[in-house]
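The values are calculated or read from the model by the stated rules, or taken from the named source; none is laboratory data. Remember, it's a predicted structure, so these values are computed and weren't measured experimentally. No Cβ is skipped: glycine too gets one built from the backbone with ideal geometry, and neighbour counts run over all protein chains shown. Please note that ligands, DNA and RNA were not included when accessible areas were found on the heavy atoms of the full protein model with its side chains. Shrake-Rupley method; radii C 1.70, N 1.55, O 1.52, S 1.80 Å.
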Amino acid sequence: MNVRQIEQIILNNTYTKSDFLKRLTIIREYLEAKFFTDSQLSFSDFLDKLKVSLYEREALIRFDDSFFGLFTKDNLYQLIKGLTENLKSLPLLTLYTPVMLDDLQLDELGKWFRQNLNPELIMDIRINPLLVSGCAYVWKGKYKDLSLHFFLSRKQAIISKIIESFVHENL
Amino acid sequence: MENNLLIFLLLTLTLITATTQIILFIYLTGKNRKSGPAEDFPDATEEKNAEILHDAILKANKILVNAELKGIEYISKRKLDSEKFFGDYQSQISQLEEKLLKQFDQTLAKMDQSFAVYMSGLEKKLLTEEEANRKLFQEKTLKLMENSQTLMQAFINEINGKIKSQIEDELTGVKNEIYNYKKKRLEIINSNIVDILEQTLEQALGKKLSLADHSEIIFTSLEQAKNEHSLM
């Protein structure tokens with residue numbers, strides 16, 4: 001099993017870059033404890049020990065023994081390094097939101113983008129309060145604005161008409 | 001003048017006679033002194049001389065008296081003549097004066113009369129002229145007033161028209177300016193309406209939208225872009 005395949009398993013329920021790196025770190029720590037210490041903790045106990053959130057736990061608990069069996073003492077760091085470097089080559093979508101959405105909402109967004117843009121993309125979430133509402137994203141070097149500004153601009157003619165009719169009636 | 005000359009001659013003669021007598025007296029007295037005792041007995045020549053001198057003196061005196069008498073006579077005559085002449089002159093002068101006064105009165109009366117005639121004629125002429133002038137003045141004044149009224153009316157109408165057109169132009173200009181100002185303001189508002197609304201909504205909605213609302217808006221906008229095939 002190569003890096004690519006492990007990557008696919010992780011990406012199955014990981015949609016953001018930060019989640020990918022966080023989960024890879026947890027996997028590495030668990031495997032380091034397993035290979036290089038006397039720790040006999042199961043992955044579930046290890047997660048309890050780390051006091052990860054419920055959301056993380058639900059995402060990570062899918063990694064079963066067969067997944068961890070892909071790693072050995074010898075190939076652990078090689079695989080980790082390969083996975084980290086492969087992350088840079090994944091199709092990246094930088095998503096700008098006005099507020100920090102919760103994990104479930106981000107997962108939903110990730111699923112949506114993978115369904116409609118690229119099944120392998122990974123999101124990089126950035127916060128931009130100036131968007132007020134909606135979102136904006138950068139995909140393949142192009143910026144797409146789906147914020148309040150964008151929708152107001154589309155309706156500018158209608159808004160101008162409303163203002164003009166108000167002015168004619170009242171001024 | 002002649003009187004003065006005559007008086008001068010008389011005085012001259014009197015003076016000469018007196019001088020001659022004085023010289024004779026001096027000569028005779030001087031001679032008596034010179035002769036003294038040796039000459040107590042005058043001779044015939046000296047007697048003759050004395051007689052001659054005495055005759056001369058007597059003649060001179062006679063001449064002098066005659067001359068004086070002549071002179072007096074002449075003077076009297078002259079005085080009488082002059083008195084007569086003066087009387088004649090005075091009477092003639094009086095006559096002339098009366099004549100002249102008469103003539104002057106007549107002339108004056110004539111002058112009065114002709115002056116009165118002239119004055120009455122002049123008065124009539126003046127009255128006629130005055131009447132004619134008054135009529136002419138009236139006519140001219142009426143004409144002038146009519147012309148002035150016409151000109152004033154035309155001027156007033158012209159001014160009214162100009163003022164009216166100026167006011168209308170000003171009003172039109174002002175209306176245009178107001179319209180252009182409104183239009184410009186609307187254009188400015190229209191061009192910045194998105195930013196205005198954005199800032200307004202940012203202030204109004206910023207802390208009012210929940211995470212769920214934000215999520216819903218994001219998904220709605222993504223779906224809309226997908227339906228419009230404008231995802232990328």
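For this structure, a couple of remarks:
- Considering only A:Leu47, A:Leu152, A:Leu121, the Gaussian network model of chain A with Cα springs below 10 Å gives its largest mean-square fluctuation to A:Leu152.
- Counting only lysines at least 8 places from B:Lys59 when in the same chain, those with an alpha carbon closer than 19 Å to its own are B:Lys48, B:Lys70.
- For the set A:Lys22/A:Lys49; A:Lys17/A:Lys144; A:Lys17/A:Lys51; B:Lys164/B:Lys184, the pairs lying more than 24 angstrom apart at their alpha carbons are B:Lys164/B:Lys184.
- Computed from Cα positions, the angle between helix A:103-116 and the longest principal axis of chain A comes to roughly 80 degrees.
- Test item: Cα-centred dipole of the protein assembly as shown, Lys/Arg +1 and Asp/Glu -1 on Cβ, debye: 880
- Partner chain coverage, peptide A:133-145 - average Cβ within 10 angstrom: 3
- Amide H contacts of A:Leu146: A:Cys135, A:Ala136, A:Tyr137, each under 5 Å away and 5 or more positions distant or on a separate chain (H built 1.01 Å from N in the peptide plane; Pro and chain starts excluded).
- Loss of accessible area when B meets A, both sides summed, Å² nearest 100, probe 1.4 Å: 3000
- Entries in A:Lys161/B:Lys208; A:Lys161/B:Lys182; B:Lys162/B:Lys182 that, when Cα-Cα distance is taken, lie over 25 Å: A:Lys161/B:Lys208; B:Lys162/B:Lys182
- Split chain B at each of the trypsin sites (Lys or Arg not before Pro) in a DSSP loop with at most 14 other beta carbon atoms within 10 Å, and the longest piece is B:1-206.
- Accessible surface of A:Leu21 - all protein chains present, 1.4 Å probe, nearest 10 Å²: 70
- Sequence of A:His149, B:His229 from largest to smallest accessible area, 1.4 Å probe: B:His229, A:His149
- Taking every protein chain into account, the 1.4 Å probe leaves B:Met145 with about 110 Å² of accessible area, to the nearest ten.
- Qualifying trypsin sites (Lys or Arg not before Pro) for the range A:53-93 [loop in DSSP, other Cβ within 10 Å: at most 16]: A:Arg62, A:Lys73
- Residues whose placed amide H lies under 5 Å from that of A:Met123, excluding near-sequence neighbours: A:Thr16, A:Lys17, A:Leu93
- Ligands, DNA and RNA excluded, the heavy atoms of A:Val52 present near 40 Å² of accessible surface to a 1.4 Å solvent probe.
- Between the helical axis of B:44-205 and the longest alpha-carbon principal axis of chain B there is an angle of about 0 degrees.
- Peptide B:194-202 has a mean of 5 when you count, residue by residue, the C-beta atoms of other protein chains within 10 Å of its C-beta.
- Alpha-carbon Rg with Dmax, taken over the protein assembly as shown, Å: 83.1, 238
- Working note: 222 nm ellipticity from helices only, DSSP H runs with n ≥ 4, each -39,500 (n - 2.57), summed and divided by the residues of chain A, gives -17500 deg cm²/dmol to the nearest 500.
- Separation of the range B:46-108 from the range B:147-191 is 119 Å, based on Cα centroids.
- Calculated mean residue ellipticity at 222 nm for chain B: -35000 deg cm²/dmol, from DSSP H runs with n ≥ 4 weighted as -39500 (n - 2.57), summed, divided by the residue count and rounded to 500.
- Angle in degrees between helix A:156-170 and the longest Cα principal axis of chain A, rounded to the nearest 10: 40
- Loop sites in the range B:153-232: GluC sites (Glu not before Pro), DSSP, at most 12 other Cβ within 10 Å: B:Glu228
- Convex hull per residue volume in Å³, alpha carbons only, for the range A:1-160: 119
- Every Cα-Cα pair in chain B was counted, and those over 21 Å apart are 85% of them.
- P(r) weight above 13 Å for the range A:91-154, C-alpha pairs, percent: 63
- Rounded to 5, the percent of DSSP beta bridges in the range A:91-154 classed as antiparallel: 60
- Measuring spread by the Cα atoms of the range B:117-232 yields a radius of gyration and Dmax of 43.0, 134 Å.
- For B:Lys102, the lysines whose Cα falls under 20 Å of its own Cα, not counting residues fewer than eight places away in the same chain, are B:Lys110.
- Rounded to 5, percent antiparallel among DSSP beta bridges of chain A: 60
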